[in-house]
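Contents: one structure, followed by commentary.
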Amino acid sequence: MNYTFQFGVAFAELPELLKGAIITFELGILAFWGGALIGLLGAALKTYGTGPLRWLAGAYVVFFTNTPALIQIYFLYFGLPELGIRWSSFTCTLIGLTLNAGAYLTEIMRAGYISVRSTEVEAAETLGMSRWQQIRYVVVPHIAKTIYPALANFFIVILVMGTSIGAIIGVDELTGQAINISTENYRWIEMFVVVAGIYVILTFIASLSLALVGRWAFRVKAKVF
Amino acid sequence: MLLLEAMGTTLAMTAIGCVLGFLIAFVIVFLRQTPGLWALPIRFLAICYVEVFRRIPFLVVIYLVLFFIRSIVSEVSLFTIAVVAICIYSTAYTADIIRGGFESVSRQQIEAARAMNFSRWQTLMNVIVPQSWPVILPPAVAFAISFIKDTALVSQVGVFELTFRGKELNNEGFSALLVFGTIAFLYFLMSYPLSRWGRWLEQRLASSPSQRSKQRLRPAYSP
Amino acid sequence: MHHLQVKDLSSAYGPLTVLKGVNFTLAKGETAALIGPSGSGKSTVLRVLMGLNKPTGGEVLIDGAALDYSRPASVRAARERMAIVFQQYNLFQNMSVLRNVTIAPVKIKGRPRKEVEAEAERLLSKVGLADKHHAYPDELSGGQQQRVAIARALALRPQILLLDEVTSALDPELVNEVLDTIRGLAADGMTMLIVSHEMAFVREVATKVVMMDEGLVVEQGPPEQIFGAPKTDRAREFVGKILRH
């Protein structure tokens with residue numbers, strides 16, 4: 001192997017890479033919260049909905065969880081212009097990821113709705129709680145505690161797996177920046193090793209803070225490792 | 001026909017990569033559970049492998065594998081590179097699934113084996129694996145099936161699989177809506193039936209060993 | 001010469017000292033019972049003997065030869081000579097009754113399968129389960145599972161059989177079937193070390209009683225002495241408590 005590693009070159013690009021990391025976080029957080037809103041609605045429709053609405057929510061989940069996020073984004077980026085809708089690569093990635101996350105989050109949240117046991121609600125009723133109090137003190141904390149670990153886990157998946165897909169259609173997030181810089185300086189291995197390191201650190205910080213929040217807010221013992 | 005061939009490539013590289021990944025993950029978990037002070041570096045490396053690769057995007061792994069392998073040997077097919085990348089990634093994920101499965105076997109079962117002089121390997125093969133595979137297999141299969149979709153990313157380095165074929169067709173002038181709609185549908189055709197089968201498998205395995213042995217004995221037809 | 005000799009045996013579980021120097025001996029063909037309040041370390045003695053917990057001091061001698069539990073070969077030798085039956089039976093859930101009994105002799109000791117299977121059938125008949133060869137543990141009652149566990153231990157042809165509270169996890173009506181099996185073994189001259197809360201049974205079967213408290217042996221001797229005329233205050237107090245029940 002006659003290849004000399006020059007990590008200095010890669011580290012010199014750290015400021016550029018960190019700019020990308022900020023976009024990665026933006027994409028991840030926006031797609032997650034957008035997906036969470038869709039998931040809340042989707043899970044409600046799938047659990048309590050009737051007829052076509054329930055079917056629609058089911059079809060949405062089945063379609064988006066069985067096709068690649070990349071193809072969904074391609075559809076928006078390359079397909080929609082044919083209908084005269086032209087969005088930036090960032091917008092396409094964000095919308096694609098949001099729709100994709102919404103489908104997975106629908107399933108996660110549905111598991112939360114289902115987990116509420118009628119006995120617990122009955123117990124709350126016998127204590128004389130009003131309907132609103134039951135939701136506020138029994139149902140919501142129960143759901144939050146049940147699904148928090150899955151939500152935290154999914155956020156990391158979106159942050160890592162999801163956002164990097166944007167690089168393929170030219171979003172300048174962390175992976176995208178690495179590709180941009182590497183095509184100029186040909187230091188692919190060094191750049192990607194450094195980028196991998198940044199991802200590990202970023203997600204570690206994210207997991208750690210999510211575990212702390214979970215502990216403090218919902219008394220969930222989430223694992224960092 | 002080219003689309004069918006591309007689908008075949010997608011399925012083949014996912015299957016080969018995930019099966020290899022499963023086997024390597026199995027060894028990694030075994031190493032990770034090696035007792036004793038001397039095995040500390042082995043345990044540390046095994047944990048690092050799983051933790052690091054679960055935190056790196058698949059796309060970054062693909063690029064790393066591509067350029068790393070190409071810098072050592074130049075004559076490597078893109079298919080091989082895709083398989084290696086899938087294998088590295090699936091190893092990290094399945095290792096956690098396998099570890100969870102092994103830990104689901106009660107400590108008393110392992111103690112009983114130790115008291116009868118079973119070695120660590122004999123305990124694993126005779127007691128832990130037979131008791132934990134119903135816990136391990138469904139999520140491992142589910143992971144592999146969901147990974148069919150994620151392999152779309154290897155099109156980026158030019159592997160001739162389904163997504164790559166889609167991009168080619170689009171470049172040849174076919175409507176992107178039509179092309180990517182079709183490609184999405186083809187992924188759906190592979191992923192949906194398999195995920196239904198995975199769920200069926202999970203329900204079937206959720207029974208105890210004695211019930212399973214009866215299922216085996218029961219004739220396939222019944223009056 | 002003593003068959004089994006335990007000298008000053010101590011053991012710790014994390015910061016907790018469980019055994020603080022236990023001494024007792026066991027002759028061939030003898031049935032010794034370890035009794036004492038819960039937490040006195042009786043079960044730990046058996047676990048240390050089997051190499052499941054590490055001793056922190058003292059000696060274990062079998063036929064005068066000391067076992068060094070820090071050496072894997074020595075631990076294997078101990079497990080060759082002794083077999084244990086657990087409180088929770090610990091039958092392998094993934095194996096049929098017959099396979100539970102035959103797996104270790106065939107796979108670990110390398111004896112011919114045919115011979116082991118014939119012996120296993122004899123042992124299973126002896127514990128009254130001749131018709132359950134192909135059943136799985138989860139299809140058996142607790143008492144039946146415990147009898148399979150005894151057959152499994154006997155199939156290893158141990159010189160000493162260790163029984164760790166083998167009736168404690170059983171429903172009251174299932175206790176006797178297991179005790180009958182142990183009575184039979186005692187009559188056959190099996191050397192046994194029993195941890196038990198069944199005092200009437202201990203009195204009847206044991207040729208020697210070792211009373212433990214807080215990780216130490218308080219008194220040992222024939223059952224008539226321990227239950228009839230205990231010499232130490234601690235033993236008198238414990239026996240008094242039991243007899244009142």
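Taken together, the values in this text are just the output of simple stated rules run on the coordinates, not laboratory data. A quick note: this is a predicted structure, and the numbers were derived from the prediction, not measured. FYI the Cβ positions are ideal-geometry reconstructions off the backbone, even for glycines, and counts take in every protein chain you see.
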**Prompt:** FRET efficiency for A:PHE7 and B:SER77, Cβ-Cβ distance as r, R0 = 30 Å, nearest 0.05?
**Reply:** 0.55
**Message:** Please give the charge dipole size of region A:18-218, origin at the Cα centre, charges +1 on K and R Cβ atoms and -1 on D and E Cβ atoms. Round to the nearest 20 debye.
**Reply:** 460
**Estimated FRET transfer efficiency when R0 is 60 angstrom, pair B:ILE47-C:ALA229 (beta carbons, to 0.05)** = 0.50
**Prompt:** In whole Å, what is the distance between the alpha-carbon centres of region C:181-195 and region B:96-150?
**Reply:** 36
**Asked** Counting Lys and Arg as +1 and Asp and Glu as -1, each charge on the Cβ, what is the dipole of region B:2-217 about the Cα centre in debye, to the nearest 20?
**Response** 820
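What number in nm² do you get for region B:92-142 if you take the convex hull of its Cα atoms and divide its surface by four?
Result: 3.4 nm².
Which of the trypsin sites (Lys or Arg not before Pro) across region A:147-225 are loop residues per DSSP, with 13 or fewer other Cβ within 10 Å?
Here the trypsin sites (Lys or Arg not before Pro) that fit, given the DSSP loop and packing criteria, are A:ARG219, A:LYS221, A:LYS223.
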**Prompt:** lysines within cross-link reach of A:LYS46: Cα-Cα under 21 Å, excluding same-chain residues under 8 positions apart?
**Reply:** A:LYS145
**Message:** Quick query: amide H of C:GLU30 versus all other amide H atoms, modeled in the peptide plane; which residues come in under 5 Å with a sequence gap of 5 or more or a different chain?
**Reply:** C:MET192
**Item:** Per-residue ³J(HN,Hα) for region A:134-150, Karplus 6.51 cos²θ - 1.76 cosθ + 1.60, θ = phi - 60°, Hz, x for Gly and Pro
**Value:** 4, 5, 5, 9, 10, 5, 4, x, 5, 4, 4, 5, 5, 9, 4, x, 5
**Complete:** Cα-Cα longer than 30 Å, checked against C:LYS208/C:LYS241; C:LYS109/C:LYS208; C:LYS28/C:LYS132, kept in input order, equals C:LYS109/C:LYS208; C:LYS28/C:LYS132
**Request:** Find the Cα radius of gyration of region A:18-218, compare it with 2.2 N^0.38 Å by division, and give the number to two decimals.
**Result:** 1.21
**Request:** Just subtract the alpha-carbon distance of A:GLU16 and A:ARG215 from 0.36 nm times their residue separation and send over the number in nm, one decimal.
**Result:** 68.2 nm
**Complete:** Output for region B:1-159 (equivalent-ellipsoid semi-axes, sqrt of 5λ from the C-alpha gyration tensor, Å, descending) is 34, 18, 12
